[in-house]
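> Please see the structure below; I have some questions.
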2 protein chains.
Amino acid sequence: MNNPAPSSDSDGCGIRPVTDPCDRLREAIVSGEFQPNERLVEADLSVRLGVGRTAIRAALAVLDQEGLIVREPHRGARVRLISAREAFEIEQVRNALERLLARSAATQAASGDVADLREIVAAMHDRLREDDSLGYMQLNATLHRRIWKISDNQVATKMLVTLKSQSIRFQYGTILRPGRPEQSLQEHEKIVAAIAAHDPAACDSAMAEHLGHVLETLQWAIEAQERERPWSALREPAVGGRT
Amino acid sequence: MNNPAPSSDSDGCGIRPVTDPCDRLREAIVSGEFQPNERLVEADLSVRLGVGRTAIRAALAVLDQEGLIVREPHRGARVRLISAREAFEIEQVRNALERLLARSAATQAASGDVADLREIVAAMHDRLREDDSLGYMQLNATLHRRIWKISDNQVATKMLVTLKSQSIRFQYGTILRPGRPEQSLQEHEKIVAAIAAHDPAACDSAMAEHLGHVLETLQWAIEAQERERPWSALREPAVGGRT
DNA sequence: AGCGACAATGTTGTGAACAATCCAGCCCCC
DNA sequence: GGGGGCTGGATTGTTCACAACATTGTCGCT
């Protein structure tokens with residue numbers, strides 16, 4: 001019907017084409033627009049996104065499958081709070097899958113692929129020199145995604161995308177560790193070199209080393225967070241949308 | 001209590017469908033009750049399962065996320081045909097995840113866990129002696145699931161369950177290779193021994209060797225299938241529900 | 001005052017009706 | 001005879017209203 005409800009797009013975004021409400025909800029969750037454990041009432045989301053409750057319901061089903069929210073039978077949906085333990089599990093799985101893809105990438109990379117990777121690494125150098133941590137993180141993600149694309153394993157790639165969206169909240173802290181970005185960049189260079197040399201074993205070990213350090217850094221970040229707010233694990237926000 | 005739903009179970013099935021229609025549909029798909037590429041008409045499924053179309057629609061959304069079916073915008077859902085190439089991708093991912101879990105299992109196994117594993121292996125011996133291939137396959141799956149449970153990584157385990165349901169159609173051929181079951185059993189014994197010895201590295205390599213052979217066998221099975229029916233890749237069944 | 005039953009409220013789950021869309025067959029015109 | 005447009009049936013997408021369920025606040029009883 002007359003979907004352009006006058007108040008629906010009041011939150012700043014202009015003439016967005018009718019994107020999937022599922023994507024919009026996912027974006028809102030991973031960007032932290034909803035607090036962990038916050039209730040997601042279907043009717044509220046319906047008016048907020050300007051779509052029917054059915055679409056919201058379908059989107060919630062997808063997000064539930066992806067592990068971003070939990071749905072209890074007659075009690076609605078809440079954004080899922082990823083525990084530190086689960087973050088470790090996710091990182092371990094990511095570790096295993098990225099190693100697999102790194103091996104495949106090493107065997108399948110074309111010359112153009114290697115050129116792209118080197119370009120990204122060069123850009124990471126620049127970001128690091130300018131102390132642009134956010135830009136560095138983005139390029140980091142770009143580099144990994146580019147490797148995924150080279151490996152050309154769609155099943156694993158899709159899983160990694162899903163995992164990433166789940167653990168995004170923990171990823172932010174890992175860049176804050178002193179000296180970590182420099183070390184990270186060297187590890188990435190090593191990975192790219194192994195891909196350029198078409199050496200799967202070296203690429204595997206390089207990626208393993210890199211992600212092992214990421215795992216350590218993740219643990220450091222979690223411990224730092226717990227040290228700062230030791231009560232956070234006990235707090236049950238329940239920041240219900242009631243205004 | 002006896003809620004007034006007089007017309008809902010009119011199709012004579014005395015057993016109330018207490019199970020989730022999503023699970024029933026999944027079961028029907030992985031068990032081969034629906035042909036690949038067969039259209040899944042919502043209304044038909046609705047009467048077949050005795051639930052409303054809304055529930056069917058939700059179930060299809062989940063199954064779509066799991067990759068068991070594909071849904072095109074206004075053209076309905078069909079059971080997804082897994083290509084040989086995708087079966088390889090799935091097997092590679094399974095390989096990576098099972099190795100991860102094998103390592104974890106080696107470090108975390110309690111004595112009771114090891115006893116269970118040895119019991120399963122002994123039962124596999126029996127099935128093999130009796131030429132009970134089906135029973136052997138089931139115990140094979142049981143053994144792997146038991147290892148998953150020991151490793152206690154719920155994220156990876158859930159992924160493996162999903163992958164298994166996707167590639168089940170290809171798993172059947174792998175047992176037919178001559179001499180394969182005997183070799184498989186030895187590999188499993190090696191894995192269990194490594195878990196009992198709490199040796200993650202040995203467990204990793206044993207699982208890698210095992211799954212490498214599984215991958216080879218899968219390739220052999222696919223080639224045999226293609227040799228037998230070289231047209232199967234071209235055939236577009238389209239076994240539409242139109243009676 | 002403490003506690004259990006009970007109604008009030010809000011939210012999800014479900015089924016039916018309606019609109020939008022696609023597909024196949026058919027007809028008309030060239 | 002062949003191709004383009006059209007119409008009818010079938011199927012999906014969406015909305016709506018209502019029932020089922022959980023939570024919460026209230027009232028009466030001990």
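The values are calculated or read from the model by the stated rules, or taken from the named source; none is laboratory data. Remember, it's a predicted structure, so these values are computed and weren't measured experimentally. Here Cβ is always computed from backbone atoms with ideal geometry, including for glycine, and neighbour counts include all displayed protein chains. Accessible surface is based on the protein model in full, side chains and every heavy atom, while ligands, DNA and RNA are left aside. Shrake-Rupley method; radii C 1.70, N 1.55, O 1.52, S 1.80 Å.
> Placing unit charges on C-beta atoms (Lys and Arg positive, Asp and Glu negative, everything else neutral), compute the dipole magnitude of the protein assembly as shown about its Cα centre in debye, rounded to 20.
On the way: 62 positive and 70 negative charges, 245 e Å.
So the dipole magnitude of the protein assembly as shown works out to roughly 1180 debye.
> So, one more: Taking DSSP loops as anything outside H, G, I, E and B, show the longest stretch in chain A free of GluC sites (Glu not before Pro) there with at most 16 other beta carbons within 10 Å.
Numbers: sites that count: A:E33, A:E130.
Here the longest segment lacking exposed loop sites spans A:131-243.
> I would also like to ask the following. Could you work out [θ]222 nm for chain A from helices alone, using -39500 (n - 2.57) per DSSP H run of at least four and dividing by all its residues? Round to the nearest 500 deg cm²/dmol. Display every interim value, and only then the final one.
On the way: 9 runs with 159 residues, N = 243.
My calculation for chain A gives -22000 deg cm²/dmol from helical runs alone.
> Let me ask something else. Using the Cα atoms as the points, what is the convex hull volume per residue of chain A in Å³?
159 Å³
> Provide, for q = 0.08, 0.12, 0.13, 0.14 Å⁻¹, the log10 of I(q)/I(0) from a solvent-free Debye sum over equal Cα point scatterers in the protein assembly as shown.
One equal scatterer on each Cα of the protein assembly as shown leads to -0.60, -1.34, -1.51, -1.61.
> Leaving out ligands, DNA and RNA, calculate the buried accessible area for the pair B and A with a 1.4 Å probe, summed over both sides, in Å² to the nearest 100. Each step should come with its number before you reach the end.
Values: alone 14200 and 14200 Å², together 26410 Å².
What B and A bury together is about 2000 Å².
> Note every residue of the range A:80-129 with a reduction of at least 20 square angstrom in accessible area, all protein chains present versus the isolated chain, computed with a 1.4 Å probe, or write none.
A:R85, A:E89, A:Q92, A:V93, A:A96, A:L97, A:R99, A:L100, A:R103
> So how tilted is helix A:53-66 from the main axis of chain A? Cα-based, degrees 0 to 90, rounded to 10.
Relative to chain A, helix A:53-66 is tipped by roughly 30 degrees.
> Report, to two decimal places, the Cα Rg of the range A:92-171 normalised by 2.2 N^0.38 Å (N = number of residues).
Values: Rg = 13.2 Å, N = 80, 2.2 N^0.38 = 11.6 Å.
Rg over 2.2 N^0.38 Å, computed on Cα atoms: 1.13.
> Turning to a different aspect of this structure: Is there a quick way to get the dipole size of the range A:84-228? I mean about its Cα centre, with the Cβ of Lys and Arg at +1 and of Asp and Glu at -1; what is the value in debye to the nearest 20?
340 debye
> Just to check I understand the Karplus step: with θ = phi - 60° and J = 6.51 cos²θ - 1.76 cosθ + 1.60, what whole-Hz values come out for the range A:131-145, glycine and proline as x?
Couplings: 6, 9, 5, 4, x, 5, 4, 4, 5, 4, 4, 4, 4, 4, 4 Hz.
> Separate question: From the mean inverse distance of alpha carbon pairs (Kirkwood) and the Cα radius of gyration, derive Rg over Rh for the range A:84-228.
Computed over Cα atoms, the ratio is 0.95.
> Using alpha carbon centroids, what distance separates the range B:27-59 and the range B:77-107, in Å?
So the two Cα centres are separated by 25 Å.
> Right, another one. Between A:R80 and residues 5 or more places away or on another chain, which pairs have amide H atoms under 5 Å apart, with H built 1.01 Å from N, and which residues are they?
Under 5 Å from the amide H of A:R80 lie the amide H atoms of A:N37, A:I69, A:V70, each far enough along the sequence or on another chain.
> Then there's this: On a 0 to 90° scale, report how tilted helix B:154-171 is relative to the longest principal axis of chain B, with both axes built from alpha carbons and the result rounded to the nearest 10.
Once rounded, one gets 80 degrees.
> Still on this structure, please answer the following. Which links in A:K190/B:K164; A:K149/B:K149; A:K149/A:K190; A:K149/B:K190; A:K158/B:K158 stretch past 24 Å when you go from one Cα to the other? List each step's numbers first, then the result.
Details: A:K190/B:K164 34 Å; A:K149/B:K149 32 Å; A:K149/A:K190 18 Å; A:K149/B:K190 35 Å; A:K158/B:K158 15 Å.
Pairs exceeding 24 Å: A:K190/B:K164; A:K149/B:K149; A:K149/B:K190.
> For the range A:128-209, evaluate the Debye formula with one uniform point scatterer on each Cα (no solvent term) and list log10 I(q)/I(0) at q = 0.19 Å⁻¹, rounded to two decimals.
Ignoring solvent entirely, the Cα scatterers give -0.99.
> With the cut-off at 1.5 for a/c, could you classify the range B:21-79 from its C-alpha gyration tensor as rounded, prolate or oblate? Please list the in-between numbers first.
On the way: a/c = 1.33, a/b = 1.08, b/c = 1.23.
Because its axes are fairly even, with a/c under 1.5, the range B:21-79 counts as rounded.
> To continue, here is another question. Report, in debye and to the nearest 20, how large the dipole of the range A:21-79 comes out about its Cα centre when Lys and Arg carry +1 and Asp and Glu carry -1 on their Cβ. Don't skip to the answer; put the middle values down first.
Working: 9 positive and 9 negative charges, 37 e Å.
So the magnitude is around 180 debye.
> Could you work out what % of the accessible surface of the protein assembly as shown is carbon and sulfur, using a 1.4 angstrom probe and leaving DNA, RNA and ligands out of the count? The partial results should precede the final answer.
Numbers: 13750 of 26410 Å².
For the protein assembly as shown, the apolar C and S fraction of the accessible surface comes to 52 percent.
> How much area per residue is accessible in the range A:21-79 when the probe is 1.4 Å and only protein heavy atoms are counted (Å²)? Spell out each step's value before the answer.
Working: 2900 Å² over 59 residues.
About 49 Å² of surface per residue is accessible.
> Looking at A:P36, A:N153, A:A122, which one has the Cα that reaches farthest to the positive end of the dipole of the protein assembly as shown (charges on Cβ: Lys, Arg +1; Asp, Glu -1)?
Checking the options against the dipole of the protein assembly as shown, the answer is A:P36.
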